[in-house]
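> Please see the structure below; I have some questions.
The values are calculated or read from the model by the stated rules, or taken from the named source; none is laboratory data. Since this is a predicted model, take the numbers as computed values, not measurements. With ideal geometry, Cβ positions are generated from the backbone for all residues, glycine too; neighbour counts draw on all protein chains shown. Just the protein is used for accessible areas: all its heavy atoms, side chains included, with ligands, DNA and RNA removed. Shrake-Rupley method; radii C 1.70, N 1.55, O 1.52, S 1.80 Å.
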Amino acid sequence: MPASRRGSGSVILPTGQTLAIHTRTQDEEDLPHATKRTMADHLRKYESLFTLTPQRMRMIVEAFTETLELGLNKPNQIVPMIPTYVFGWPTGEETGDFLALDLGGTNLRVCLVTLQGAGKFEITQTKYRLTEEQKQDDGQKLFDFCAECLKTFVETNIGEGPGMLKAGQTLPLGFTFSYPCSQERIDHGELIRWTKGFGAPNTEGRDVAEMFKQSLAKYNLPIHLTALINDTTGTLIASHYVNPRTKIAVIFGTGCNAAYMEHVKGIPKIAHLGILDECGEEKDVDMAINCEWGAFDSFEHEHLPRTKYDAIVDETSNKPGEQAFEKLISGRYLGEILRLVICELIDEGVLFLGQNTYKLEKPYCLDTAFLSLMESDPTDELLMIIGIFTHFFALETTLAERQFFRALAKLIGRRAARLSSCGIAAIVNKMGYLEEGCSVGADGSLYNKYPGFPDRVHEGLQDIFGDKGRNIVTHHAEDGSGVGSAIIAAMTKIRKDAGLYAHV
Ligand code: BGC
């Protein structure tokens, strides 16, 4: 009888690739699984790759703070520090009916917001899921779709008649467009680049406010665009409206970004605009800045701890080199980072030998929501993880493997949270908020749904600042792209009616 080839192993090909081999016979039922010991060895390797020491974090904060300053000093920087023309904080006394349209990374949302004054409001909304095709289709078509949804919303929720919209009356609209746009006025915005996997042609470099106005005209809508807003700016204003200790807003969702209130005199690159207060001075005027910090360390990759999995995520994205910080943090990418690590272990013959892994080999098939589920699995047997792997990927796992996947998810999620605290710390440093402390309004699926994300951000802040880090507290923000957008539209109307900074 010839010697049996049964067993598992791997060989390195002359090309450097690893080929995993497994041979079994008809009467073998058990699948070969990696031992507990092997998994523990591998975990140690990933721990050192994905762990950020406090010292490393402080170095990142230093580079980050310098980058923020640079963006305020000079136009067209990698982290553009965009002046938003949202002047100062709301008073809480803004009133009126406003439409809000929110084009985020995943959904399109239409809202009618009634600001009642004294910090009170009422909001009615509908949501539409965006398809992958729409994200890549012509830009004008995307705005036409927005206008079409608005039309349906207005017809259903407002209409004409008593107590409704009077003939000839138009409704003010705040458009939350959550992509980097350089603004010359509040109702203008030239798209610098698409992020979050969007790629709609004929849009980058163009004024999206103007494109959107064309779509409004096409559908003959009784609406006028009052303000073009980033989701972080909306979140900043809405959170301050309900909690005046809020000084910074952050979004950790499909993308990641921050906004804060800056003194106009601290934005040298717009000095030529001559924005002065009633006394003809610059000193007391404040303006919200949309940092677009997702772009930190783009192209150069000098400061962030990128692993080879991060490099693959970047190179295979539709925007290689760009949004380097965002690609290590945001919900769009975390699942893919975990998937790439698992695929490497499949290629090395460590995981899933003898099982068909084709389902797991599809890029982006492992949603970041799975990481949340893995981390929050409350059972000893990790039944949730069994479910994920059998149901979605037709793969069997042992307890040791499941514990390994959970530990990996934790490493990736924790790194994202600690990097997020580096960004927050940079703004705190820049504005000198550490001693007096401040609230940070935070929103987005990662912040709201990923177990332990806020605690890890706080832990990160203490690692950076020591005990004083406790003075900086994040909290779930008020709805920025609905309520925030309406407040900004109201503030803009009040400002323009008063003839203040009317040219912007
Ligand atoms: C965009 C930002 C946005 C953030 C969160 C990023 O990809 O560039 O404008 O604020 O995502 O939605």
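> What part of the accessible area of the chain, given as a whole %, is carbon or sulfur when the probe is 1.4 angstrom? Please list the in-between numbers first.
Numbers: 10990 of 21660 Å².
The value for the chain is 51 percent carbon and sulfur by accessible area.
> So, one more: Which aspartates and glutamates does K496 reach when only Cα atoms under 13 Å apart count, and residues fewer than 8 places away in its own chain are ignored?
D187
> Any idea how far the Cα center of segment 318-343 sits from the one of segment 115-154, in Å?
Rounded to whole Å, the Cα centres lie 27 Å apart.
> For E122, E326, what's the largest-to-smallest order of accessible area, 1.4 Å probe? Write out the running numbers ahead of the final one.
Values: E122 105, E326 5 Å².
Result, largest first: E122, E326.
> Around C365, with a cut-off of 12 angstrom between Cβ atoms, what is the net charge of the other residues, counting Lys and Arg +1 and Asp and Glu -1? Provide the component values of the computation, followed by the final result.
Details: positive: R339, K359, K362; negative: E336, E361, D367.
Local charge sum for C365: 0.
> Work out the FRET efficiency for H301 and Y219 from their Cβ-Cβ distance, taking R0 = 60 Å, and round it to the nearest 0.05. Walk me through the numbers before you get to the answer.
Details: r = 44 Å, r/R0 = 0.73.
The pair H301/Y219 has a calculated efficiency of 0.85.
> For segment 144-149, take each phi angle, set θ = phi - 60°, evaluate the Karplus expression 6.51 cos²θ - 1.76 cosθ + 1.60, and give the result in whole Hz per residue in order, putting x for glycine and proline.
Using θ = phi - 60°, the values come out as 4, 4, 4, 5, 4, 5 Hz.
> For a quick protection proxy, order the peptides 37-49, 466-478 by their average other-Cβ count within 10 Å, most packed first. Please report the intermediate quantities before stating the final value.
Details: 37-49: 13.8, 466-478: 17.3.
Going from most to least packed, we get 466-478, 37-49.
> Return the subset of K120/K166; K166/K218; K45/K430 for which the Cα-Cα distance in this structure is over 32 Å, preserving the input order. Please list the in-between numbers first.
Working: K120/K166 25 Å; K166/K218 21 Å; K45/K430 36 Å.
The answer is K45/K430.
> Let me ask something else. Could you give the length gained on full extension between D467 and M59, defined as 0.36 nm per residue of separation minus the Cα-Cα distance, in nm? Spell out each step's value before the answer.
Details: separation 408, 0.36 × 408 = 146.88 nm, distance 1.83 nm.
Answer, rounded to one decimal: 145.0 nm.
> Can you tell me the accessible area per residue over the chain, all protein chains present, probe 1.4 angstrom, in square angstrom?
Details: 21660 Å² over 504 residues.
In whole numbers, the chain has 43 Å² accessible per residue.
> A further question on this structure: To the nearest 0.05, what FRET efficiency results for H476 and E344 with a Förster distance of 41 Å applied to their C-beta separation?
Details: r = 36 Å, r/R0 = 0.88.
The formula returns an efficiency of 0.70 here.
> Quick one: 3J(HN,Hα) in Hz for segment 132-138, Karplus 6.51/-1.76/1.60 with θ = phi - 60°, rounded, Gly and Pro as x.
4, 5, 4, 5, 10, 7, 3
> Within segment 184-200, whose backbone N sits under 19 Å from a point 7 Å along Cα→Cβ of L273?
Residues passing the 19 Å test: 184-193.
> Here is a further query. Using a 1.4 Å probe on the protein heavy atoms only, what accessible surface does R245 show? Give it in Å² to the nearest 10.
Probe radius 1.4 Å; accessible area of R245 about 120 Å².
> Give me, ordered by chain and number, the residues 5 or more places off Y85 or on other chains with an amide H under 5 Å from its own placed amide H.
The list, which skips near neighbours in sequence, is A288.
> Using the Karplus equation 6.51 cos²θ - 1.76 cosθ + 1.60 (θ = phi - 60°), what ³J(HN,Hα) coupling, rounded to whole Hz, does each residue of segment 236-242 give in order, writing x for Gly and Pro?
4, 6, 5, 6, 5, 4, 9
> With a cap of 16 neighbouring Cβ atoms within 10 Å, and only residues DSSP puts in a loop, list the GluC sites (Glu not before Pro) found in segment 372-458. All intermediate terms of the calculation are to be shown ahead of the outcome.
Details: sites: E375, E381, E396, E401, E435, E436; in loops: E381, E396, E435, E436.
The qualifying sites are E381, E396, E435, E436.
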